[in-house]
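Data first, discussion second: the structure below is written as structure tokens.
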Amino acid sequence: MIQLHTIDVRVYYEDTDAGGIVYYANYLKFFERSRSDWLRALGVDHQRLATLGTALVVRNCSIEYHRPARLDDLLAVDTGLNDPRLDIRRASIRLLHRARNQADGALLAEGAVKVACIEPATGRPVPLPDDVFERLRQCVPPASDADAP
């Protein structure tokens, strides 16, 4: 994974289930926070997308759980790309996410989320605005000689 952004997330009581571990769906919230912060760092926050008449919505997601996080744990939540040339499309972005326990570095959960660009009024897919697409493409490393045909 090409790591793009990491945020700290403290596990609060509201994040846990009756067993005292992070409720499984809350990892999606943690992943969304990291993804949103990465976009904001690129100058592509959700407010800006709205002024351009677009929005990013989750098209699909998957998560694999490895170990539980517990109340008061401090997590590092990473956002990254597997292959930027494939993950950044004209109307969608596929991002990888990982949640790690900061105390011991243990991988807790990892997943992939594909977001699509839509026109909110119609809900139909549209291309990412040109300047947004270019900012995202900055994440693509230059092609190496090994990539040449």
Picking from Ala41, Ala25, Ala18, Ala55, which residue would you name as being more than 11 Å from the chain's Cα centre (by Cα) and under 13 Å from Glu110 (Cα atoms)?
Ala25
Of a type in the set (Asp, Glu), within 30 Å of Asp131 (Cβ to Cβ) and in a strand (DSSP E or B): is that true of Asp8 in this structure?
yes
Among the numbered conditions (1) out of contact with any helix residue (DSSP H, G or I) (no Cβ under 8 Å at 6 or more places or on another chain); (2) surrounded by 16 or more Cβ atoms within 10 Å (Cβ to Cβ), tell me where Leu39 comes up short.
(1)
I want to confirm something. Restricting to the range 61-94 and keeping residues that are polar (S, T, N, Q) and within 15 Å of Phe30 (Cα to Cα), which single residue is farthest from the chain's Cα centre (by Cα)?
Ser62
If you take the residues in the range 95-108 that are crowded, with 18+ Cβ neighbours inside 10 Å and charged (D, E, K, R), which one is nearest to the chain's Cα centre (by Cα)?
Arg98
Which of the residues that make up the range 1-20 are closer than 16 Å to Arg100 by Cβ, out of contact with any helix residue (DSSP H, G or I) (no Cβ under 9 Å at 6 or more places or on another chain) and modelled with pLDDT of 95 or more?
Asp8, Arg10
Could you count how many residues in the range 94-128 are touching a Cys at 6+ places or on another chain (Cβ under 8 Å) and touching a residue at least 40 places away in the same chain (Cβ under 8 Å)?
6
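The values are calculated or read from the model by the stated rules, or taken from the named source; none is laboratory data. None of these values were measured; they are calculated from a predicted model. Ideal geometry is used to build each Cβ from the backbone, glycine not excepted, and the neighbour counts take in all protein chains shown.
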